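Heads up: the structure comes next, in structure tokens.
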């Protein structure tokens, strides 16, 4: 069924030219569903900092065009070890991504609660990879907004389990519609999978068409 529409955000988001040389655009507001969705629709996403919320729009945005995904021979072989599920263990995926023992862990309690609420409303989704015993060993989560999938985080407990989840997401989205996976920032690891960098304005210019595309059938 289609996502539940949230209450409008009380915060005013303005499209404007943002300063060069910075990825962090604003501070404050809240993590209500309407606020988060409004922010994503103009190219912003939240991350917590101390007791506040910072809103980010990278000057160089990491994105994956579906036909640019690089699936190595070893990854194709590794995928056969896993079973993929969708939206069966959202809370477990976000908890694994939030594990404080991971380097760079940033997901706190309010962020967790906000995205679980978005999942309950039909906006946030997870792709899970499971081993032969059915154990959750990798996955990712993010928001689906029309043809845009805004990836938030991914994890693995077995080699290639997160890559297999990303490959499964590409398969899921590859239905001929105008679609893009946003990964926020490119890293050398992500670059090896086909993630490239788009200038901020190029990414924002692409949003209108992407948001106008229909959701993938699985999430309609």
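The values are calculated or read from the model by the stated rules, or taken from the named source; none is laboratory data. The structure presented is a predicted model; accordingly, all values stated were derived computationally and were not measured. Positions of Cβ are backbone-derived with ideal geometry, glycine not excepted, and every protein chain shown enters the neighbour counts.
Quick notes on this structure:
- One residue stands out among those in segment 27-52 that are within 15 Å of the chain's Cα centre (by Cα) and within 12 Å of residue 110 (Cβ to Cβ): the one that is surrounded by the fewest Cβ atoms within 10 Å (Cβ to Cβ), which is 47.
- Hits in segment 127-147 - residues which are under 17 Å from residue 3 (Cα atoms) and more than 9 Å from the chain's Cα centre (by Cα): 145, 146, 147
- Qualifying residue in segment 109-132 (condition: at pLDDT 95 or above, in a loop (DSSP other than H, G, I, E, B) and closer than 24 Å to residue 25 by Cβ): yes
- Of all residues in segment 120-135 being in contact with a helix residue (DSSP H, G or I) (Cβ under 7 Å, 6 or more places away or on another chain) and crowded, with 19+ Cβ neighbours inside 10 Å, the one that is farthest from residue 217 (Cα to Cα): 129
- Condition met for residue 92 (more than 27 Å from residue 210 (Cα to Cα) and not in a helix (DSSP H, G or I)): no
- Scanning segment 1-12 for residues that are over 30 Å from residue 218 (Cα atoms) and surrounded by 11 or more Cβ atoms within 10 Å (Cβ to Cβ) yields a single hit, 11.
- Matching entry among 91, 98 (being crowded, with 16+ Cβ neighbours inside 10 Å and over 30 Å from residue 205 (Cβ atoms)): 98
- Residues in segment 179-220 that are more than 14 Å from the chain's Cα centre (by Cα) and assigned to a strand (DSSP E or B) were compared, and the one that is nearest to residue 85 (Cα to Cα) is 196.
- Taking residues in segment 125-154 that are over 22 Å from residue 215 (Cα atoms), and partners anywhere that are at pLDDT below 95 and part of a strand (DSSP E or B), not one pair has Cβ atoms closer than 6 Å while being at least 6 places apart or on different chains.
- Some residue of segment 31-43 being under 23 Å from residue 190 (Cβ atoms), assigned to a loop (DSSP other than H, G, I, E, B) and without any contact (Cβ under 8 Å) to a residue 40 or more places away in the chain: no
- Residue 176 vs. criteria within 26 Å of residue 1 (Cα to Cα), surrounded by fewer than 23 Cβ atoms within 10 Å (Cβ to Cβ) and within 14 Å of the chain's Cα centre (by Cα): no
- Evaluating residue 163 against the criteria (1) within 24 Å of residue 77 (Cα to Cα); (2) free of Cβ contacts under 8 Å to residues at least 60 places away in the same chain; (3) outside any strand (DSSP E or B); (4) in contact with a helix residue (DSSP H, G or I) (Cβ under 7 Å, 6 or more places away or on another chain) leaves one unmet condition, (2).
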